[in-house]
Amino acid sequence: MTKIHQTSGRWRLGLALSILTVLLWGILPIALTVTLQVLDVYTLTWFRFFISFVLLAIYLGWRGKLPTLVQLRLTSWKLLVIATVFLASNYILYLQGLALTSPSNAQVIIQLAPFLMGLGGLVIFRERYTLSQWIGVTILIAGFILFFHDQLFQSLIKVSQYTNLPMTNTSIQVSKFFISHNKTIIFNASKQYLLGSSLIVLAAVTWAIYALAQKQLLQSLSSTSIMLIIYGGCTLCFSLLAKPQIIFTLDLFHWGMLIFCGLNTLIAYGAFAEALEHWEASRVSAVLASTPIVTFLSVWIVSVISPNLINSEQTTFVGIIGAFLVVAGSIAIALRRKTK
């Protein structure tokens, strides 16, 4: 019978590490958006994993904590392969979905990933939710629904703007043409939005599988050793599609953004992996679900300070209510102690 990983019980440390992960993942889309202005998605992703692998290998070697052959022999390579492949798949699916929708929409839907990880924790690791936590789950789902409704509504508004041409003598025929094709345009836009959102849902599923496999790997390896192997595997996965020579043509500003993306990957995933060591997967997932709030606030701040760097997000009152419900549901799930 397979032995199930048990947490250390240091839930406060697990909570702190989860919050750090939320902050880093929340501001990451801004740096990615800026960097993607000069790099393709595969080269950017390859560099993030490569720099994380190299720095983590140097750190573990300096501390004398590189995984030993004995540890590797006792480790389930099947789980390691699953974790690596599904994390790499998560990146591909997320980027494809992002290209078809919008950053805010993608960031909200991808939060299904920690929620699904939490459900997996209930089944695989025999964790339990109290009644208050199930109420929190309901609130969280309601928030997701409101967010989805808001983003779909906003996408249709953007499409309709292209059909509302001024009715002057010179433009009336063009306006009639666009109006007659309005239904087709909206249908195609809705189809694109739903396809992109579906890809992001698949990305959330692959991430949840990766996270659950990683948690079970903690039974035989430390979190840093697991991430070292996964970083190396993902680097190999993307090396066939990356174009490293482009990196040397970047200016200083974009170099800074690229380095930040790489360090963000190392620190955020390291904090996430360590959080699973000390706190239940269901509780960690609940905290991670609040990441979109950090993203929206960060985008708003950056758009005010430097409007040419990134566009502001348009969110209605419904979206704001949805954001509040996501946060409230996350807190209810994360901070309610389990009854004995």
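The values are calculated or read from the model by the stated rules, or taken from the named source; none is laboratory data. From a predicted model like this one, the values you see are computed outputs, not experimental measurements. When the accessible area is computed, the model is the full protein with side chains, heavy atoms only, and any ligands, DNA or RNA have been set aside. Shrake-Rupley method; radii C 1.70, N 1.55, O 1.52, S 1.80 Å.
Structure data summary
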read-out	value
Ranking by accessible area, most exposed first, for Asp150, Asp40, Asp251 with a 1.4 Å probe	Asp251, Asp40, Asp150
Accessible area, probe 1.4 Å, largest first, for residues Val318, Val70	Val70, Val318
Ile247 - accessible surface, heavy atoms, 1.4 Å probe, Å² rounded to 10	10
Whole-percent carbon and sulfur share, accessible surface of segment 1-97, 1.4 Å	70
Accessible surface of Lys191 - all protein chains present, 1.4 Å probe, nearest 10 Å²	130
Accessible area of Glu280 in the full protein assembly, 1.4 Å probe (Å², nearest 10)	30
Residue-by-residue Karplus 3J(HN,Hα) for segment 62-70, coefficients 6.51, -1.76, 1.60, Hz, glycine and proline x	5, 7, x, 10, 5, x, 8, 4, 5
Global geometry of segment 190-340, whether rounded, prolate or oblate, following the gyration tensor of its Cα atoms and the 1.5 cut on a/c	oblate
Carbon and sulfur %, accessible surface of segment 182-325 computed with the full protein complex present, 1.4 Å	72
Cα shape, segment 18-111, gyration tensor, a/c 1.5 rule	prolate
